[in-house]
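First up is the structure itself, then whatever we jot down about it.
Any read-out appearing in this document is the output of simple, stated calculations on the displayed coordinates, not a laboratory observation. Please read these numbers as outputs of a predicted model, since none were measured by experiment. As a convention, Cβ positions derive from the backbone with ideal geometry for all residues, glycine included, and neighbour counts pool all protein chains shown.
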Amino acid sequence: MSMRELVVLGTASQAPTRQRNHNGYVLRWDDEVILFDPGEGTQRQLLHTGVTATDLTRICVTHFHGDHCLGLPGTIQRLSLDRVPHRVAVHFPAGGAEYFARLRHATSFHETAELAVEPIEADGQRITVRGGTLEARRLRHSIETYGYRLVEPDGCRMLPERLSAYGIAGPAVGELLRVGHLDVDGRRVTRDEVSVTRPGQRFAFVMDTALCDAVYALAEHADLLVIESTFLESETALAAEAGHLTAAQAARVASESGVRKLVLTHFSQRYSDLRRFADEARQHFAGDLVIAEDLTTVPVPPRRVASAG
């Protein structure tokens, strides 16, 4: 059965706390199971979820600061330990290839898993994945950093009442879908006449960055946006200096970009009460808001349904 959901492994920035593990997020997208930014403790956090190393099909790293990648050695070794039978693709900033090589072979182990090492070499690079296209956009941080966006192509939804009006049923429906038109009683019926566009779903993942055009490009019309909100608005100057976002900035991005569900995460250890992030974000974003917590699951919203014209 197809499933689209985010599994949150950790929500801390820079240093973990008693309540928050280092970063780690798993996106289940039908047959794709993508691990984003595995920080320290990723293996152990996975044990508390329904996700196993064998499930993983792809790993995406935004950048090579420790809280976003120090779980890579254990994760990669676990793939071999569990003898994962399929190839696992790994994406990361090309400028950090040396860091990746060190992390991949941080210790001695018997490597049996097949990794497809596919670094991100340019802003806007696109990768075809099962269920859509994965796009990387260059963010603004102290080192080379990319955010990721997964876009499902638009489809169409057939309208039973219109099909019935033209007397189209059974195998003819499949032919109409495949060919794009069908001749019925001397009249050509096009697919557009008996269907509406079914917008594809969109997921965006934005970590360490100051505000920039790429943040908005990634967030545009996302059904689910996972975005860092390291600081509160009272630390706006510090956020800009460190190359991070505040909860207010993230919420404004979501509002201006037409995001349906907003997930705030990557919280500084200076904050113990995360309700302050919700309060701040609510001043700017009226949609579905989630303040991420470790070991929780966030469903991707159902597809948008276009009305018949």
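In nm, give the distance between the simple-model label positions of residue 216 and residue 166, each being 7 Å from the Cα along the Cα-to-Cβ direction.
Label at residue 216, label at residue 166, 4.0 nm between them.
With labels modelled as points extended 7 Å from the Cα through the Cβ direction, what inter-label distance (nm, one decimal) is found for residue 94 paired with residue 237?
Between residue 94 and residue 237, the simple spin-label model gives 3.9 nm.
Taking every Cα atom in region 53-128, find the radius of gyration and the maximum pairwise distance Dmax, and write them in Å.
Computed over the Cα atoms of region 53-128, radius of gyration and Dmax are 12.2, 36 Å.
For the chain, compute Rg over Rh where Rg is the Cα radius of gyration and Rh is the Kirkwood radius from the inverse mean 1/r over Cα pairs.
Working: Rg = 21.5 Å, Rh = 20.7 Å.
Taking Rh as the inverse mean 1/r over Cα pairs, Rg/Rh reads 1.04.
Could you tell me, in Å, what Rg and Dmax come out for the Cα atoms of region 88-207?
22.9, 72
Suppose we keep just the alpha-carbon trace of region 24-84; what are its Rg and Dmax in angstrom?
10.6, 29
Mind listing the long-range amide H neighbours of residue 289? Cut-off is under 5 Å, sequence gap 5 or more, other chains count too, H placed in the peptide plane at 1.01 Å from N.
The list, which skips near neighbours in sequence, is 262.
Please identify which residues in region 38-79 have an amide N closer than 11 Å to a label point set 7 Å out from the Cα of residue 297, following the Cα→Cβ vector.
Under 11 Å, as judged by backbone N against the label point of residue 297, lie 49-51 of region 38-79.
I'd like the distance separating the alpha-carbon centroids of region 1-73 and region 108-169, in whole Å.
Centre-to-centre distance over Cα atoms comes out at 18 Å.
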